[in-house]
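Everything below concerns the one structure shown next.
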Amino acid sequence: MTLIESSTLAAAVAAIGWINWYFFVAGRQTTRVAAGAGGRQDVVVRVDGGYEPSAIQVVAGRPVRLSFDRVDTSGCSEEVTLPDFGIRRFLPTGARTTVDFTPDTPGTYVFTCGMGMLRGRLVVTRATEA
Ligand SMILES: [Cu+2]
């Protein structure tokens, strides 16, 4: 192999490694939310062609506030729904939209865009598990 061939190969291997990490490792990390003053579990979710963080862990029986900061202009992300909680909200670009609810039952719930294409997970645990 020439030097150019081997450095191209190295760059390709590095790119593949990064892509695998991005989709299979980074996306699986769950953000644990600690309750702040007043017991509310506050988390800011960036909406930019997806949700960041996309996996959020909270404790059952205490109020949750999801603050969606939408930065993209794709029609896909203009709505967010939490079907298990009967919530559907419009998210204006460049603004923060807060969604308040209290998950009473431990379990894994989804939040998605209006069409169900962008997806996030809300993992609700018992207070003693957190
Ligand atoms: Cu969508």
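The values are calculated or read from the model by the stated rules, or taken from the named source; none is laboratory data. Just so you know, these numbers come straight off a predicted model, no measurement behind them. Here the Cβ is made from the backbone with ideal geometry for all residues, glycine too, and neighbour counts use every protein chain on show. Protein only, heavy atoms only, side chains kept; ligands, DNA and RNA dropped before computing areas. Shrake-Rupley method; radii C 1.70, N 1.55, O 1.52, S 1.80 Å.
Annotation: amide H-H contacts under 5 Å for THR31 (H modelled 1.01 Å from N, sequence separation of 5 or more, or interchain): ALA55, ILE56, GLN57. In the chain, a dipole from Cβ-located charges (positive for Lys and Arg, negative for Asp and Glu) runs towards its positive end, and of ALA14, LEU3, VAL80 it is VAL80 whose Cα lies farthest in that direction. Between ALA95 and ALA11, the FRET efficiency from the beta-carbon distance, with R0 = 30 Å, is close to 0.15.
Shape analysis of the chain yields a ratio of the Cα radius of gyration to the Kirkwood radius, Rg/Rh, of 1.13.
Couplings for the stretch 92-109, taken from phi via the Karplus curve 6.51 cos²θ - 1.76 cosθ + 1.60 with θ = phi - 60°, read x, 5, x, 10, 9, 10, 9, 10, 10, 6, 10, x, 8, 10, x, x, 10, 10 Hz in order; Gly and Pro are left as x. When only the Cβ of Lys, Arg, Asp and Glu is charged (+1, +1, -1, -1), the dipole of the chain relative to its Cα centre reaches about 340 debye. Taking 8 Å as the Cα distance limit and 6 or more residues as the minimum spacing, I'd like the relative contact order of the chain as a percentage. Worked out over the chain, it gives 23 percent. Averaged over its residues, the stretch 33-129 has an accessible area of 49 Å² per residue, based on protein heavy atoms and a 1.4 Å probe.
Solvent-accessible area assigned to carbon and sulfur over the stretch 1-108 amounts to 56 percent, based on a 1.4 Å probe.
Full extension of the segment from ASP48 to THR30, taken as 0.36 nm per residue of separation minus the current Cα-Cα distance, would add 4.7 nm.
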